[in-house]
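Asks: Encoded as structure tokens, here's the structure I'll be asking about.
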Amino acid sequence: MGWGIHLHLIAAISWIGGSVFMFVLGISLRDKEDQKLVYPRIGPIFGYFEIVVLVLLVTTGIWMIVQNGMIDTLFNFEVHSKVIEALRTKLLLVAIMTIITIVHLRIAFRTNGKERTRLETLFSRASSMGIFILNFIVLHYAIVIRNIL
């Protein structure tokens, strides 16, 4: 597998670890004044970090698929195996998570340091929770794939 798997794993650890940290931070900072002090400072840093790590995850994931000659098999829906089905599911979840992340980052960057509307707050919190939960589901499918291989 080479360097691709190592970069992919480091990026996945960073992505999931960052998500867990932000989740814990969100739960522990109940005071609005504390939130106003913390989020405008660490939010953009984490947002840019999140973008870099997501690009690294997607890039190394595509690289490994191509390097292992799986691209044709993935898109040939007449082919069925446990690995291919798990990888297809993982990729679908990653696509959904990427879209949710884009929505979340768009709201976060646009409203940083400003009051959010109720709709922006709803979408921001829902997307954060969606990213948090999907991380563990994607991780599950990564483990399934690794166990099969």
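Asks: Under 30 Å Cα to Cα from Lys32, which lysines show up? Leave out anything in the same chain fewer than 8 places away.
Replies: Lys114
Asks: According to a simple spin-label model (label point 7 Å from Cα along Cα-to-Cβ), what is the distance in nm between Phe21 and Glu115?
Replies: Each label point lies 7 Å from its Cα, and together they span 3.1 nm.
Asks: At what distance in nm do the modelled label points of Val66 and Leu29 sit from each other, each positioned 7 Å from its Cα along Cα→Cβ?
Replies: It is 3.9 nm.
Asks: Among 117-129, 133-145, how do they line up from the highest to the lowest mean number of other beta-carbon atoms within 10 Å?
Replies: Working: 117-129: 14.1, 133-145: 16.1.
Highest-to-lowest ranking by the protection proxy: 133-145, 117-129.
Asks: How about region 1-110: which trypsin sites (Lys or Arg not before Pro) there are in a DSSP loop, with at most 15 other Cβ atoms within 10 Å of their Cβ? Intermediate values should be presented prior to the final figure.
Replies: Numbers: sites: Arg30, Lys32, Lys36, Arg41, Lys82, Arg88, Lys90, Arg106, Arg110; in loops: Arg30.
Loop-located and lightly packed - Arg30.
Asks: Starting from the alpha-carbon convex hull of the chain, give the projected area averaged over all orientations, in nm².
Replies: 9.5 nm²
Asks: Moving on to the next point. Are there chymotrypsin sites (Phe, Trp or Tyr not before Pro) in region 50-84 that DSSP puts in a loop and that have at most 13 other Cβ atoms within 10 Å, and which ones? Intermediate values should be presented prior to the final figure.
Replies: Details: sites: Trp63, Phe75, Phe77; in loops: Phe75, Phe77.
Taking region 50-84 and a limit of 13 other Cβ atoms within 10 Å, the loop chymotrypsin sites (Phe, Trp or Tyr not before Pro) found are Phe75, Phe77.
Each reported figure results from applying straightforward, stated rules to the coordinates on display, with no laboratory input. Just so it is clear, the structure is predicted and the values come from calculations on it, not from any experiment. Here Cβ is always computed from backbone atoms with ideal geometry, including for glycine, and neighbour counts include all displayed protein chains.
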